[in-house]
Ligand code: 13P
Ligand code: ZN
Ligand code: NA
């Protein structure tokens, strides 16, 4: 699985991670990726695992959907913001391809120690691991945090000592909507990418301009995470559908247009990440 992200880094594009919030997300994301010939990462945030039915249920549901839809592009099933070492291990056991351990609330020493434990377990099972340095701000499914810029030495140490596959250095990006214009630390980004070989991951991409996304890709980001942008498109469409015909109650009539909204948004994200026509 890592080879797909490494290939993206070498060829200067990013594989989008789109967060799954229910069954229609799975179908719509896969359809958008298949039709644009883009590799894709389906992310499930640890915070919403229970809502999605548990690690085992959601992972096997995604795998069954891939088969049922005859999907031919590479798909990576990823645990987003794994909250504990235990949870990351559960995702590995459930059949995930990739897990993120979010040690952003820990001291760097404790972050390295716990990430290492996740990597040891994951690599034995051919699962790749993403680590985080600093803290991505904003509000993600109820996890509220303030931005803390990643320190260069911490990035080097975590990547090397924990033998990470990908690294998410927090450089001013924010989960959810931005208050004002996003202000990413491109100088720090350049230093980090010069010092570290592994692909970088950009979180909080909803709200970042196309130009800044391309800059981040140029500076070593080969995986970019999107959640809010798709959820806004989905909920706007549901509101519109219900407002247009207040007598509607048939779930398919209400939800089908929202699927189209997800598909169109994911396709536009794929184009922003220039991952289309790569497979
Ligand atoms: P946004 O919700 O801002 O797109 O961020 C997504 C993300 O970083 C998921 O890990
Ligand atoms: Zn994130
Ligand atoms: Na964002």
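The values are calculated or read from the model by the stated rules, or taken from the named source; none is laboratory data. If you're wondering where the values come from, they're calculated on a predicted model, not measured in any experiment. Don't worry about glycine lacking a Cβ; one is built from the backbone with ideal geometry, like all the others, and counts go over all protein chains shown.
Regarding residue 197, is this residue away from ligand 2 (no atom under 16 Å from the Cβ), closer than 23 Å to residue 144 by Cβ, more than 15 Å from the chain's Cα centre (by Cα) and not in a helix (DSSP H, G or I)? No, not satisfied. Tell me whether segment 118-125 contains one or more residues that are surrounded by 16 or more Cβ atoms within 10 Å (Cβ to Cβ) and not in a helix (DSSP H, G or I). No, every residue in segment 118-125 fails to be surrounded by 16 or more Cβ atoms within 10 Å (Cβ to Cβ) and not in a helix (DSSP H, G or I).
The single residue among 181, 130 that is outside any loop (DSSP other than H, G, I, E, B) and either within 16 Å of ligand 3 (Cβ to nearest atom) or surrounded by 15 or more Cβ atoms within 10 Å (Cβ to Cβ) (or both) turns out to be 130.
Filtering segment 73-105 to residues that are more than 13 Å from residue 44 (Cβ to Cβ), modelled with pLDDT of 95 or more and either within 16 Å of ligand 2 (Cβ to nearest atom) or out of contact with any helix residue (DSSP H, G or I) (no Cβ under 7 Å at 6 or more places or on another chain) (or both) leaves 84, 86, 93, 101, 102, 103.
Just one residue in the set 205, 216 is within 14 Å of ligand 3 (Cβ to nearest atom), touching a strand residue (DSSP E or B) at 6+ places or on another chain (Cβ under 8 Å), within 14 Å of residue 17 (Cβ to Cβ) and assigned to a helix (DSSP H, G or I); that residue is 216. Checked against (1) under 25 Å from residue 85 (Cβ atoms); (2) more than 13 Å from ligand 2 (Cβ to nearest atom); (3) surrounded by fewer than 18 Cβ atoms within 10 Å (Cβ to Cβ), residue 145 passes all but a single condition, namely (2).
Residues that are away from ligand 1 (no atom under 16 Å from the Cβ) and either touching a strand residue (DSSP E or B) at 6+ places or on another chain (Cβ under 8 Å) or within 23 Å of residue 76 (Cα to Cα) (or both) within segment 138-163 comprise 151, 154, 155, 158, 159, 162, 163, listed in sequence order.
Scanning segment 173-194 for residues that are over 13 Å from residue 147 (Cα atoms) and more than 13 Å from ligand 1 (Cβ to nearest atom) gives 180, 181, 186, 187, 188, 189, 190, 191, 192, 193, 194. Only one entry in 167, 158, 171 is part of a loop (DSSP other than H, G, I, E, B) and touching a helix residue (DSSP H, G or I) at 6+ places or on another chain (Cβ under 6 Å), namely 171. In the set (1) over 18 Å from the mean Cα position of the chain (by Cα); (2) modelled with pLDDT of 95 or more, residue 148 fails one condition alone, (2). Every condition in (1) within 16 Å of ligand 3 (Cβ to nearest atom); (2) outside any strand (DSSP E or B); (3) within 21 Å of residue 14 (Cβ to Cβ) holds for residue 187 except the one numbered (1).
For residue 212, the criteria (1) out of contact with any helix residue (DSSP H, G or I) (no Cβ under 9 Å at 6 or more places or on another chain); (2) closer than 23 Å to residue 5 by Cβ hold in every case but one, which is (1).
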